[in-house]
Amino acid sequence: MYIPDYYEFGCPVNIVAGHDSLEKTADILAVPGSSQPMLLTDKGVRQAGLADIVLDAVKDRLDIKCVEDGVPPDSDLKVVRQLAQLYNQKGCDSIIAVGGGSVLDTAKGINMLVSEKTDDLMQFTGAGALKRKLRPLIAVPTTAGTGSEVTIAAVIADHEKNRKMIFGSHFLLPDAALIDSRMTLTLPAHIRAATAMDAMAHAVEACVMLSKNPLSDAHAKEAIRRIMKHLLPLIAEPENKEGRLSLALAAALAGIAFSNSLVGMVHALGHSVGSVCHVPHGNCMAILLSYGLEYNFHKTEERIADILFSLAGPEIYAKTPKSQPAQKSIDCIRKLNRDLFQATKGLHATCLKDLKDREQHPMVPKEKLPEIAQTALGDGMVFYNPEDVDYEDWLMVLEAAWEGVPLDRTKVRKG
Amino acid sequence: MNTDNFTFLCRSRSLFGKNALEHLPFELSGMGARKVFVLRDNASESSDSIRHLRPAFADSGMTLGLCPPPDQNSGTGTDILKDCYRTFTGKGYDSIIALGTGPITDLAKALNLAVSLGPEVFKRGIQPQDQAKSLLPFAYLPTRGGSGRESSCRACCNAQIFELPALAPDIVLTDERLMAADTKENIICSAFSALSVCCETFVFADNPMAKAYASAGISLLMEHLFPLLETENEWNARPAAVGNKYRRNLACIAHASAISGFLLANSTSIISFHLGNFIAENADTSGLTAGSAAAIFLPRVLEQFAGNTPALAQLLLPLGGQDAFSAVPPVQQAAAAIHILQNILNRFYQISFGAVPRSLGDAGIDKSAVARLQEKIQQEDIWTETGISGAGRDKIAAVLLRS
Amino acid sequence: MEGFIEIRPRRRFFLRLYLHIMLRVLGRAIQAAARVDEDVKKEFNAMPENYTFSLGAFPAGPCMIIGKDTQGIVRYMGSDMEKQPVHLKITLKSVRHFFSLLTFTESTPVSNARNRMIVSGDVPYACAAVRIMDIVQVYLLPRWMAKMAIKRYPRWTFKRHTVDRAKVLIRTLLGF
Ligand SMILES: [Fe+2]
């Protein structure tokens with residue numbers, strides 16, 4: 001077991017999981033004495049009927065003051081301000097956030113404004129600016145991927161000033177995360193695949209990158225095992241509610257792992273592909289994960305080898321010769337991607353050039369790669385990457401991922 | 001098939017390792033603390049922990065209030081608590097550090113209750129409306145192994161038991177420099193009770209979060225307990241110079257013990273742990289510690305309640321590691337896990353020249369004593385809080401006999 | 001209560017003295033490198049006018065401020081946080097952690113991985129600031145020491161290792 005010289009670990013979120021965990025909302029809110037929540041979600045989630053499931057589950061015992069579905073795909077300062085005003089006008093006393101990352105980020109933003117009774121978010125940016133508990137916030141994740149229900153960070157964009165505000169505080173964490181199998185029933189196959197691969201990237205990066213520690217490893221490995229066991233069967237048979245719950249829990253486990261040991265170059269590059277070419281985060285993760293491992297291979301071979309057990313199971317682990325497990329781990333992840341490509345009838349892309357938007361136009365034209373590489377230089381996650389990455393390195397990784405060919409490890413520059 | 005229907009909460013953050021102590025001022029001030037009230041026990045006094053605490057707070061601008069270690073002769077627990085309460089409120093403190101294990105953390109939790117909810121709380125008990133209240137920032141800094149209760153959300157004060165999620169420490173900080181020399185019996189007691197809690201949670205909890213904590217705890221114990229106790233050749237030799245290796249290993253045991261406390265806060269029915277405490281209180285033999293007793297019961301409890309379940313087979317993974325697990329055929333894994341647990345006891349019996357018992361018989365509890373204890377288990381209502389039914393008690397009685 | 005004592009742990013003089021000296025050297029070296037080294041110039045050029053960043057310790061430990069003045073010239077601006085607005089703050093959680101960092105016993109990436117650093121401000125510029133400090137450390141330190149302080153020792157030209165390094169060192173010493 002690898003124990004670093006120093007590490008921190010914690011996740012003070014009450015995890016409530018089950019096929020009917022939504023019904024426990026009223027009880028959870030009753031503890032801090034709340035009964036008049038604002039239900040926050042986005043249009044997609046509402047159209048999928050998920051907000052109604054939540055409403056049905058809680059309406060008998062809670063007085064829902066308002067249901068707001070105006071959260072844009074990436075959180076926005078103006079929206080946060082508007083919704084905070086609404087919260088105060090309607091006399092809400094808590095928030096139930098139903099959705100993915102941007103819904104939760106918006107909810108965290110609203111919660112800061114209404115709890116601190118201000119309309120200036122700027123003063124809370126950076127780490128540790130909040131000093132006390134905020135009002136009750138309950139997270140109901142709907143994607144089984146992002147893990148944002150257990151992360152301390154929130155990113156809110158200020159589109160007027162064209163910048164991103166980053167918040168980090170333990171007080172931003174929701175009081176409870178309700179993980180309910182009903183929330184992921186209607187997820188389309190390719191989105192299920194992509195979001196699960198996001199969770200996979202969280203878990204794998206948590207095991208390989210610089211802040212790795214025993215507690216995050218334990219969470220991450222269980223997440224990997226569950227994704228490998230349930231993801232493919234679930235694409236074929238989404239009605240299996242045990243599988244859905246298990247996968248949703250895998251996302252939460254991976255979220256706990258990476259919020260404590262942070263992610264590295266895969267996410268740094270993924271964020272950049274996402275912001276330059278508007279590719280959904282999960283798709284970037286699925287494609288880039290194996291490249292991140294290959295790039296760091298010379299520094300982390302042992303760590304990559306260590307996750308083979310969780311990826312492939314004890315039998316394959318036992319039969320793999322001692323010189324090969326790390327390569328085998330990478331192969332496992334590539335094979336999963338190919339299987340998902342088949343299972344989703346080609347909707348799950350395995351290389352950047354295959355990514356297509358709704359009109360079937362390629363999303364990542366090759367001439368965009370330099371711009372992506374430039375953006376990646378400014379992503380903080382690379383701090384946690386074992387090997388240094390400069391502009392040429394980013395470009396080399398991007399070119400391989402664009403073609404879908406393995407990285408030539410001899411070309412990776414070593415210190 | 002498990003259904004993953006559960007709730008799990010671990011309120012505490014763990015800070016572990018080198019220069020961990022220097023993180024404390026930042027963490028505490030992040031919770032709004034300026035004046036820190038420091039409680040410590042005699043063990044922490046012997047390890048000279050204040051010598052490390054002071055410089056860690058240098059340049060932080062915070063004020064430390066150092067209480068002397070409570071003296072057994074200076075009065076009852078209530079007197080000490082009242083004394084602390086007066087000083088704390090009189091001088092305007094706003095946060096608590098408990099430096100040490102066991103009773104000192106109970107005192108710290110009781111003090112936190114008194115200063116946060118008012119001293120009436122000891123008369124009226126915890127009310128439902130208290131559940132949501134937050135208490136003052138509280139950091140627990142172990143100086144030895146501990147019993148696991150320190151990091152749970154329970155406080156024991158003058159035979160009164162208080163349970164409140166917010167009672168769990170906000171921060172559990174394990175720094176090697178704070179580790180004090182300890183007797184081997186104590187270390188084994190800590191390690192064995194942590195092992196029992198982690199193993200039982202791992203096997204019985206349908207809860208991946210608890211299992212993750214448990215497996216990390218088990219791995220820590222398996223890798224650091226033997227090196228810790230084999231640093232000296234002779235069992236009876238006094239803990240001599242406390243070296244860095246010793247401190248590192250003991251810190252890992254303390255860490256595992258704190259993890260077991262997180263698990264105790266989430267589960268009421270850790271059978272071997274409760275049974276171990278019950279025996280340590282009720283058996284007529286001295287020298288059988290609660291931890292040792294729990295470790296004796298652990299394999300029997302697992303056999304009795306988990307039998308040949310996949311969960312028991314999975315236990316081999318944290319106990320033996322990935323290589324050992326994948327080497328053993330699935331049908332033999334459960335037996336192999338039990339075998340490892342039993343072997344730990346056997347090996348300690350050998351290296352301690354019989355001082356660590358392998359069975360109740362070794363501890364001097366004969367058949368007739370077992371029969372008396374069995375009766376007591378059937379009668380007493382100590383099990384109601386653990387939620388174990390009548391049938392369960394019969395099984396426990398059987399466990400007792402086979403141990 | 002008998003035996004109760006209240007203390008306000010004092011500042012640690014020698015630790016702080018060392019940090020003050022090192023920060024002064026580091027600050028001047030960054031200023032020098034910004035005039036000599038092309039890569040460092042490029043990083044600074046990407047920053048807006050008047051942009052400043054600081055490296056310091058929680059809560060009010062020794063610190064240094066680097067920034068561009070109104071003419072866009074990079075300057076070491078001392079340690080007075082009140083005198084000018086600081087746009088990007090890199091803060092170590094304690095003076096002790098800062099000491100480990102500047103005695104090169106704990107490298108920047110390791111210190112960051114151990115959650116001993118907090119960054120408030122724009123992340124892209126924080127990345128640039130770390131890259132600048134990496135380059136400056138390569139200039140200042142002997143190879144074996146720099147190898148411990150950064151992730152990957154760069155492959156520089158002979159001129160950069162000798163002539164440019166000499167220029168940076170002389171400018172650092174003289175402070176221009
Ligand atoms: Fe992600």
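Every read-out reported here was derived from the displayed coordinates using simple, explicitly stated rules and does not represent laboratory data. Note that the structure is predicted; figures quoted are calculated from it, not measured. Don't worry about glycine lacking a Cβ; one is built from the backbone with ideal geometry, like all the others, and counts go over all protein chains shown.
How big is the C-alpha Rg of chain B next to the rule-of-thumb value 2.2 N^0.38 Å, as a ratio? All intermediate terms of the calculation are to be shown ahead of the outcome.
Numbers: Rg = 21.1 Å, N = 403, 2.2 N^0.38 = 21.5 Å.
Relative to the 2.2 N^0.38 Å estimate, chain B comes out at 0.98.
Note down the net charge around A:Val208, summing +1 for each Lys or Arg and -1 for each Asp or Glu among other residues with Cβ under 13 Å from its Cβ.
On the way: positive: A:Lys212, A:Lys221, A:Lys299, A:Arg303; negative: A:Glu205, A:Asp217, A:Glu294, A:Glu301, A:Glu302, A:Asp306, A:Glu387.
So the environment of A:Val208 carries a net charge of -3.
In Å, what is the Rg of the alpha-carbon atoms in region C:13-174, and how long is Dmax?
Spelled out, the Cα radius of gyration and Dmax of region C:13-174 are 14.8, 42 Å.
For a test of the definition: using alpha carbon positions, the gyration tensor, and the 1.5 limit on a/c, classify region A:303-415 as rounded, prolate or oblate. Don't skip to the end; give the middle numbers.
On the way: a/c = 2.40, a/b = 1.22, b/c = 1.96.
Since a/c reaches 1.5 but b/c is at least a/b, the shape of region A:303-415 is classed as oblate.
Taking only Cα atoms and a 10 Å spring cutoff, compute GNM fluctuations for chain C and point out the largest among C:Ala149, C:Ala113, C:Ala126.
C:Ala113
Select from region A:84-153 those trypsin sites (Lys or Arg not before Pro) which occupy a DSSP coil region and have at most 11 other Cβ atoms within 10 Å, ordered by residue number. The partial results should precede the final answer.
Working: sites: A:Lys90, A:Lys108, A:Lys117, A:Lys131, A:Arg132, A:Lys133; in loops: A:Lys117, A:Lys131, A:Arg132, A:Lys133.
Hits after loop and neighbour filter: A:Lys117, A:Arg132.
With both partners inside region C:13-174, how many of the DSSP beta bridges are antiparallel, as a percent to the nearest 5?
Working: 12 of 17 bridges.
Counting only bridges with both partners in region C:13-174, antiparallel ones make up about 70 percent.
Tell me the trypsin sites (Lys or Arg not before Pro) within region C:54-92 that lie in a loop according to DSSP and have at most 14 other beta-carbon atoms within 10 Å. Provide the component values of the computation, followed by the final result.
Working: sites: C:Lys68, C:Arg75, C:Lys83, C:Lys89; in loops: C:Lys83.
When the trypsin sites (Lys or Arg not before Pro) of region C:54-92 are filtered for loop state and at most 14 Cβ neighbours within 10 Å, C:Lys83 remain.
What per residue convex hull volume, in Å³, comes out for region A:14-184 when only alpha-carbon positions are used? The partial results should precede the final answer.
Working: hull volume 17.0 nm³, N = 171.
Enclosed volume per residue, from the Cα hull, is 99 Å³.
Would you mind telling me the antiparallel percentage of the DSSP bridges in the protein assembly as shown, rounded to 5?
45
List the lysines whose alpha-carbon lies under 17 Å from that of A:Lys241, not counting same-chain residues fewer than 8 positions away?
Result set, ordered by chain and number: A:Lys229.
Would you please put A:40-50, A:299-309 in order of how densely packed they are, using the mean number of other Cβ atoms within 10 angstrom per residue and starting with the highest? Intermediate results must be reported in sequence, preceding the final value.
Values: A:40-50: 18.6, A:299-309: 20.5.
Per-residue mean Cβ counts within 10 Å order the peptides as A:299-309, A:40-50.
Out of the GluC sites (Glu not before Pro) in region A:1-103, which ones are loop residues according to DSSP with at most 13 other C-beta atoms within 10 Å? Don't skip to the end; give the middle numbers.
On the way: sites: A:Glu8, A:Glu23, A:Glu68; in loops: none.
Filter output for region A:1-103: empty list.
So which of A:Lys43/A:Lys131; A:Lys108/A:Lys161; B:Lys82/B:Lys184; B:Lys35/C:Lys93; A:Lys328/B:Lys18 end up more than 23 Å apart, counting from Cα to Cα? Write out the running numbers ahead of the final one.
Details: A:Lys43/A:Lys131 33 Å; A:Lys108/A:Lys161 20 Å; B:Lys82/B:Lys184 34 Å; B:Lys35/C:Lys93 18 Å; A:Lys328/B:Lys18 34 Å.
Exceeds cut-off: A:Lys43/A:Lys131; B:Lys82/B:Lys184; A:Lys328/B:Lys18.
When Cβ neighbours within 10 Å are restricted to other protein chains, what is their mean count per residue of peptide A:312-321? Spell out each step's value before the answer.
Values: counts 0, 1, 11, 2, 1, 5, 6, 1, 1, 0.
Other-chain Cβ atoms within 10 Å of each residue's Cβ, averaged: 3.
How do B:Asp130, A:Asp408 line up, fewest other C-beta atoms within 10 Å first?
Working: B:Asp130 17, A:Asp408 10.
The most exposed by this proxy come first: A:Asp408, B:Asp130.
Once amide H atoms are built 1.01 Å from N in the peptide plane, which residues 5 or more positions from A:Ala176, or in another chain, come under 5 Å H to H?
Result for A:Ala176 returns A:Asn14, A:Leu137, A:Ala139.
How crowded by other chains is B:212-224, given as the mean number of beta carbons from other chains within 10 Å of each beta carbon?
Numbers: counts 13, 4, 1, 7, 10, 3, 1, 5, 4, 0, 1, 3, 2.
That average works out to 4.
Listing C:Val136, B:Val115 from the residue with the fewest other Cβ atoms within 10 Å to the one with the most, what is the order?
Numbers: C:Val136 25, B:Val115 19.
So the ranking, lowest neighbour count to highest, is B:Val115, C:Val136.
What longest region of chain C stays clear of GluC sites (Glu not before Pro) that DSSP places outside H, G, I, E and B and that have at most 16 other Cβ atoms within 10 Å?
On the way: sites that count: C:Glu2, C:Glu49, C:Glu82.
Longest run free of exposed loop sites: C:83-176.
As a test of the formula, what do you get for chain B when each DSSP H run with n ≥ 4 contributes -39,500 (n - 2.57) and the sum is divided by the residue count, at 222 nm and rounded to the nearest 500 deg cm²/dmol?
On the way: 16 runs with 212 residues, N = 403.
It lands at -16500 deg cm²/dmol.
If the cut-off is 19 Å between C-alpha atoms, which lysines fall inside it for A:Lys411, apart from same-chain ones fewer than 8 positions away?
Result set, ordered by chain and number: A:Lys299, C:Lys151.
State, as an integer percentage, the relative contact order of chain A based on alpha-carbon contacts under 8 Å between residues 6 or more apart. Don't skip to the answer; put the middle values down first.
Values: 769 pairs, mean separation 60.6, N = 415.
Normalised by residue count, the contact order of chain A is 15 percent.
Springs between alpha-carbon pairs under 10 angstrom, Gaussian network model over chain B: which of B:Ala108, B:Ala280, B:Ala295 fluctuates most?
B:Ala280
When Cβ neighbours within 10 Å are restricted to other protein chains, what is their mean count per residue of peptide B:131-139? Mind dumping the intermediate values first?
On the way: counts 4, 9, 1, 3, 0, 0, 0, 0, 0.
The per-residue average across the peptide is 2.
State the percent of C-alpha pairs, over all pairs in the protein assembly as shown, separated by a distance greater than 44 angstrom. Don't skip to the answer; put the middle values down first.
Numbers: 166187 of 493521 pairs.
Above the 44 Å cut-off, the protein assembly as shown has 34 percent of its Cα pairs.
Considering chain B as a Gaussian network with a 10 Å cut-off on Cα pairs, which listed residue, B:Val197, B:Val370, B:Val36, attains the greatest mean-square fluctuation?
Residue with maximal mean-square fluctuation among B:Val197, B:Val370, B:Val36: B:Val370.
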